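The values are calculated or read from the model by the stated rules, or taken from the named source; none is laboratory data. Just so we're clear, the structure is a prediction, and the values are computed from it rather than from any experiment. FYI the Cβ positions are ideal-geometry reconstructions off the backbone, even for glycines, and counts take in every protein chain you see. Surface accessibility is based on the protein's heavy atoms, side chains included, excluding ligands, DNA and RNA. Shrake-Rupley method; radii C 1.70, N 1.55, O 1.52, S 1.80 Å.
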Amino acid sequence: TNPDRNSTYSKIAYAYDDEIAKDEIVMGINLMRRWLLYKHAQGHVLEVGAGTGRNIDYYPKSSSFLAKHEVTKVVLSELSEKMLQQAQKKITPRDAKLFELKQADAANLHMYEDNTFDTIVDTFGLCSFDDPISVLKELQRVVKKPNGKILLLEHGRSKKYDKLSNFLDKNAERHAKNWGCVWNRDLDDIMEKAGLKVDNLYTWH
């Protein structure tokens with residue numbers, strides 16, 4: 001499945017948040033975003049596939065006593081200009097210095113040198129990138145070694161429930177056409193082929 005994703009995102013950008021907001025609340029995605037970023041994001045951060053900026057509210061601010069680490073700068077990168085325009089609307093004047101918007105292809109971050117970022121964030125992006133393996137390799141290049149982190153919050157095919165995977169397979173083409181999301185990708189296989197070292201892995205299914 002290889003839809004014209006940039007065209008798809010341009011079409012759905014204006015309504016994207018309204019369409020998925022209720023589903024994310026029901027599934028607890030907002031809590032997952034908050035937990036991931038408050039607990040693990042730190043320093044100079046790059047977010048790829050930032051979309052409409054659904055993570056903006058969950059990055060710890062310097063005044064937050066709940067945050068485990070301090071985040072000094074967040075680059076929100078996204079290939080779709082329309083999506084970035086929606087993200088821009090969510091950045092308040094108070095947080096303008098914390099966030100920077102960048103139109104960029106996550107598989108080709110040529111504007112950044114090796115070992116640039118303390119933290120890299122990708123939430124629900126591996127389903128949407130044309131070449132997720134290349135993206136993960138590029139993220140490993142620009143993250144600082146040896147202590148930088150790549151934080152992933154993703155969805156993909158189930159390794160435990162065949163019925164769920166069969167449902168994803170059956171509806172993959174339709175879903176990809178409507179949303180630009182290939183939701184039945186084998187994430188374990190993608191991470192292995194990209195040579196990604198996984199320190200912690202939590203799964204729902």
> When you go through Phe117, Phe124 one by one, which is the residue that is farther than 22 Å from Ser7 by Cβ, open to solvent by less than 60 Å² (accessible area, probe 1.4 Å) and touching a residue at least 60 places away in the same chain (Cβ under 8 Å)?
Replying inline: Phe117
> Can you name the number of the only condition in (1) modelled with pLDDT of 95 or more; (2) open to solvent by 20 Å² or more (accessible area, probe 1.4 Å) that Phe65 fails?
Replying inline: (1)
>> Ala87 - would you say it is at pLDDT 95 or above, of a type in the set (Gly, Ala, Ser) and farther than 23 Å from Leu31 by Cα?
In response: no
> Mind checking which pairs have a first residue in region 138-158 that is in contact (Cβ under 8 Å) with a residue 40 or more places away in the chain and a second that is part of a helix (DSSP H, G or I) and aliphatic (A, V, I, L, M), Cβ under 7 Å, 6 or more apart or different chains?
Replying inline: Ile150/Leu139; Leu151/Leu36; Leu153/Met32; Leu153/Leu36; Ser158/Leu164
> Taking region 162-197, which residues are open to solvent by 70 Å² or more (accessible area, probe 1.4 Å) and either basic (Lys, Arg) or outside any helix (DSSP H, G or I) (or both)?
Replying inline: Lys163, Lys170, Arg174, Lys177, Lys193, Lys197
> What tally of residues in region 1-21 results from selecting those that are among the hydrophobic types (A, V, I, L, M, F, W, C) and part of a loop (DSSP other than H, G, I, E, B)?
Replying inline: 0
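What residue, of Lys82, Lys97, is surrounded by fewer than 22 Cβ atoms within 10 Å (Cβ to Cβ), of a type in the set (Lys, Arg) and closer than 16 Å to Tyr9 by Cβ?
Within the list Lys82, Lys97, the selection yields Lys82.
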> Identify, please: which residue in region 138-151 is in a loop (DSSP other than H, G, I, E, B) and among the charged types (D, E, K, R) and is, among those, farthest from His69 (Cα to Cα)?
Replying inline: Lys145
> Within region 127-147, how many residues turn out to be open to solvent by less than 10 Å² (accessible area, probe 1.4 Å) and over 13 Å from Leu196 (Cβ atoms)?
Replying inline: 2
>> So, in region 148-161, exactly how many residues are open to solvent by 30 Å² or more (accessible area, probe 1.4 Å) and modelled with pLDDT of 95 or more?
In response: 4
> Is it the case that region 22-43 has a residue that's at pLDDT 95 or above, assigned to a strand (DSSP E or B) and not acidic (Asp, Glu)?
Replying inline: yes
